[in-house]
Amino acid sequence: IIDLYIVFAVVTALIQIAYVAVVGSFPFNSFLSGVLSCVGTAVLAVSLRIQVNKENKEFKDLPPERAFADFVLCNLVLHLVIMNFLG
């Protein structure tokens, strides 16, 4: 499920980039906010996937609930910054 979420975030960013290439980037802050939100979310999801992977020995002491809580908190901070950037 996490992999599908990552693919969805990356595809959404690519669709936004294609839209800007075709239509134009008049509200440039909106374009940057949308793309950075998708890319940031994908990066945080990759981090979550690494932390909850049972084969990864580095995070064996970290419970999955803690990794998910970190993911949610970081997403809240990311989107707070994105919303602030919009103006």
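Readers should treat all values here as calculations from the given coordinates under stated rules, not as data from a laboratory. These numbers come from a predicted model, not from an experiment. We place every Cβ from the backbone using ideal geometry, glycine too, and count neighbours over all the protein chains shown.
Computed on alpha carbon atoms, what radius of gyration and Dmax characterise the chain, expressed in Å?
Spelled out, the Cα radius of gyration and Dmax of the chain are 15.3, 49 Å.
List the residue ranges in the chain for DSSP H helices whose C-alpha atoms run 20 angstrom or more along the long axis and whose Kyte-Doolittle average is 1.6 or above. Kindly include the intermediate steps, with their values, before the conclusion.
On the way: long enough: 2-23 (31 Å, 2.30); 28-52 (36 Å, 1.45); 64-86 (33 Å, 1.27).
Membrane-span-like by this criterion, though nothing is claimed about a membrane: 2-23.
Quick one: go through segment 34-62 and flag any residue whose amide nitrogen is under 17 Å from the point 7 Å out along the Cα-to-Cβ line of Ile2.
Output list for this probe position: 40-62.
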